[in-house]
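What follows is a set of notes on a single structure, which appears directly below.
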Amino acid sequence: MEKLNNIIDKIKEKHVDAIEDTADSFGDVVLTIARKNIHDVLVDLKDAGFDLLLDIAGVDALNLGRKERFEVVYNLYSLSQDLRLRLRVNVPEDDMNLPSATDLWESANWAEREAYDMFGFNFEGHPNLARILCHREFVGHALRKDYPVMKGQWATGTADLRPDLENE
Amino acid sequence: MGVKGIPISKHESGVITTRTDELLRWGRKNSLWPLPFGTACCAIEFMGVVSSPFDISRFGAELVRFSPRQSDLMIVAGTINYKIGPVLKRIYDQMCEPKYVISMGACACSGGFYDNYAAIQGIDQIIPVDVFIPGCPPRPDAILNALVKLQEKIDQEPQRGPRHITREHGKTE
């Protein structure tokens with residue numbers, strides 16, 4: 001815990017006002033980071049030993065009465081120091097851009113594609129921000145709270161699985 | 001003397017006579033070559049049916065082929081979602097007539113408990129199904145029972161031409 005507090009203190013010193021909120025979730029520290037600072041904070045956290053990006057999740061707080069509708073959650077882990085840290089970034093509905101973390105962790109590639117597929121976040125700088133779970137002809141984003149959960153959409157081709165047959 | 005299921009008349013000279021379609025039906029139903037389209041846990045159950053404790057070869061259907069060109073019975077075992085739907089249809093189309101489909105388990109039959117945007121609510125919306133097996137997953141006995149039901153169905157079928165799909169694929173409701 002002391003190690004983690006030292007890391008967080010350094011972030012606070014370097015990026016003033018970047019940490020909007022600090023919370024505890026089942027013993028893990030959860031930081032809410034300003035969107036404009038998120039990439040710089042991630043760079044410094046990786047340098048501080050967080051060598052593993054476990055997952056990137058999205059949250060749609062449509063009916064929760066929050067200021068911003070969406071939220072992106074980064075789950076970080078340090079293999080060498082056995083530390084866990086969770087970062088939350090608030091994302092407004094009318095401007096869903098945020099920087100990609102693919103330049104830091106390879107695992108961000110598919111995680112960001114999933115978050116894009118399900119919620120529609122635009123990760124700027126991602127090498128291939130295509131849908132990963134739903135098929136290419138899917139319209140909308142399935143995990144948004146205003147998407148009708150039982151509304152299926154037919155796919156007409158197998159291009160998702162065989163891109164080489166796409167023009168067949 | 002005779003082969004079970006075929007009306008045969010035996011002549012003194014050693015020549016047996018029967019009807020061509022009867023003979024074909026008899027051969028067809030006792031040598032179904034299954035193609036497992038396994039996408040989920042039902043496919044694991046299907047492995048149990050093929051292996052010796054249940055032994056699907058007692059019913060002549062042990063020769064599992066993984067090429068649609070070589071098989072005439074497609075066993076759809078598992079959840080079929082909208083993304084894999086066109087693949088299922090394509091593989092079904094690649095099978096040669098006569099061809100049969102067994103829909104195995106709740107997911108393939110009706111979407112199961114995946115009543116959501118991702119899962120197709122029953123594969124009969126894409127391809128024609130001969131026998132549905134309920135269960136999540138079905139017991140091996142139920143799969144063997146489905147095979148016997150299909151054999152009975154083949155036994156009774158008239159001379160058949162190519163079948164048509166029940167619904168044009170790719171259309172939304």
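If a residue must be open to solvent by less than 40 Å² (accessible area, probe 1.4 Å) and in contact (Cβ under 8 Å) with a residue 24 or more places away in the chain, how many such residues does region A:132-144 contain? Counting residues in region A:132-144 that are open to solvent by less than 40 Å² (accessible area, probe 1.4 Å) and in contact (Cβ under 8 Å) with a residue 24 or more places away in the chain gives 3. Taking every residue in region A:145-168 that is more than 10 Å from chain B (Cβ to nearest Cβ) and more than 17 Å from B:VAL87 (Cα to Cα) and pairing it with any residue that is surrounded by fewer than 11 Cβ atoms within 10 Å (Cβ to Cβ) and at pLDDT 65 or above, at least 6 positions away or on another chain, the pairs with Cβ-Cβ distances below 8 Å are A:LYS145/A:ASN63. Is it fair to say B:PHE59 is closer than 24 Å to B:LYS153 by Cβ and open to solvent by 10 Å² or more (accessible area, probe 1.4 Å)? Answer is yes for this residue. When we screen A:ASN90, A:ASN128, A:ASN122, A:ASN97 for residues that are surrounded by 19 or more Cβ atoms within 10 Å (Cβ to Cβ), of a type in the set (S, T, N, Q) and more than 10 Å from every other protein chain (Cβ to nearest Cβ), the only hit is A:ASN90. With the structure loaded, tell me whether B:ASP141 is among the acidic types (Asp, Glu), over 25 Å from A:ALA159 (Cα atoms), at pLDDT below 90 and out of contact with any strand residue (DSSP E or B) (no Cβ under 7 Å at 6 or more places or on another chain) or whether it fails that test. Spelling it out, it is not the case that B:ASP141 is among the acidic types (Asp, Glu), over 25 Å from A:ALA159 (Cα atoms), at pLDDT below 90 and out of contact with any strand residue (DSSP E or B) (no Cβ under 7 Å at 6 or more places or on another chain). None of A:ASP60, A:ASP82 is surrounded by fewer than 17 Cβ atoms within 10 Å (Cβ to Cβ) and more than 27 Å from A:ALA159 (Cα to Cα) except A:ASP82. So is A:LEU53 open to solvent by less than 20 Å² (accessible area, probe 1.4 Å) and touching a Phe, Trp or Tyr at 6+ places or on another chain (Cβ under 6 Å) or not? Yes.
The values are calculated or read from the model by the stated rules, or taken from the named source; none is laboratory data. Here the structure is a predicted model, which means the values were calculated and not measured. Here the Cβ is made from the backbone with ideal geometry for all residues, glycine too, and neighbour counts use every protein chain on show. These accessible areas exclude ligands, DNA and RNA; they are computed on the full protein's heavy atoms, side chains included. Shrake-Rupley method; radii C 1.70, N 1.55, O 1.52, S 1.80 Å.
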